[in-house]
1. Taking into account only those residues within the stretch 129-142 that are at pLDDT 85 or above and surrounded by 15 or more Cβ atoms within 10 Å (Cβ to Cβ), which is nearest to Phe84 (Cα to Cα)?
2. Among what's in the stretch 30-45 and is part of a helix (DSSP H, G or I) and buried (at least 18 other Cβ atoms within 10 Å of the Cβ), pick the residue that is farthest from the chain's Cα centre (by Cα).
3. Within the group Thr93, Thr100, which residue is closer than 30 Å to Cys14 by Cα, open to solvent by 90 Å² or more (accessible area, probe 1.4 Å) and part of a helix (DSSP H, G or I)?
4. Look through the stretch 108-117, keep the residues that are open to solvent by less than 50 Å² (accessible area, probe 1.4 Å) and in contact (Cβ under 8 Å) with a residue 60 or more places away in the chain, and return whichever of them is nearest to the chain's Cα centre (by Cα).
5. Can you tell me which residues in the stretch 149-172 are free of Cβ contacts under 8 Å to residues at least 24 places away in the same chain, assigned to a helix (DSSP H, G or I) and either surrounded by 14 or more Cβ atoms within 10 Å (Cβ to Cβ) or of a type in the set (Lys, Arg) (or both)?
6. For the stretch 48-70, which positions are within 19 Å of Ser112 (Cβ to Cβ) and open to solvent by less than 70 Å² (accessible area, probe 1.4 Å)?
Amino acid sequence: MGTREDLLAAAKQCLAERGYARTTVRDIVAASGTNLAAINYHFGTRDKLLNQAMMESSADAVQRILDSLPARDTADPVARLQDFLQQLITSFTEDHALWTANGESLAQALHSPELRAELGAAQERARTELSDFFGGQNPQVGAVLQTMIGGLLIQHLVDPENAPTAADITAGLRTLGALLPAESGT
C-alpha cells in the first residue's frame, strides 16, 4: 500500500476504535506509520480524510450486504427486502463502531458545509443504487429505502432492544401499501 492508502486504512481503524469526534491526527499518524504532512498532502485536513474513510467504510458495509442477496429476478421481493433489512440490522450490531462513527459524522455535518455536501452526494448515490437494486430504477423506491435505513440506524444506535425488526418493517410497509389509494394520475 502507498501512503494515501495507509492513511485511509488507519483512519478507518481509528474511526472504529475511537469514533469520529475523538479521532485525532496524532492517532491516524501513529496507526499509519506516516506523518502529519502526509495527511495534509493527500487529504488537506483530518476531516477530509475521516470523511473519505467513513464514506468508504459505510459503502463497503452496505455493498457486502447487497452482494449477499439473491438476484432480484429470482427472489420474492418481500423476502428479499426483509433479508436486506435483517442483514443491515445484523451489521449495526456486528459493526457497531462503524455505524456509531457514521452517526457521529452526521452530527459533524451540521457544522461543516463541505461535509454536508459530501454526505448529501453520497446519500443521492445510495438512493440511486438502492432504487436500481430493489425497484428497477424507480427513484421513489430508493428514497423510501434510504429514509428507512437512516431511521433504522438511529433507532438501533439509541435503543437497539426496542428498535423494529426486519419483519416489523416489512409488515408495516405491507399495511401502509394496503392503506394508500392507488395513484390517481393527477
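1. Once the filter is applied, the top-ranked residue is Leu130.
2. Here the residue is Ala38.
3. So the residue among Thr93, Thr100 that is closer than 30 Å to Cys14 by Cα, open to solvent by 90 Å² or more (accessible area, probe 1.4 Å) and part of a helix (DSSP H, G or I) is Thr93.
4. Leu115
5. Residues satisfying the conditions are Gly150, Gln155, Ala171.
6. Leu49, Leu50, Asn51, Gln52, Ala53, Met54, Met55, Glu56, Ser57, Ser58
The values are calculated or read from the model by the stated rules, or taken from the named source; none is laboratory data. All figures in this text were calculated on a predicted structure; none of them were measured in a lab. FYI the Cβ positions are ideal-geometry reconstructions off the backbone, even for glycines, and counts take in every protein chain you see. Heavy atoms of the whole protein, side chains included, go into the accessibility calculation; ligands, DNA and RNA do not. Shrake-Rupley method; radii C 1.70, N 1.55, O 1.52, S 1.80 Å.
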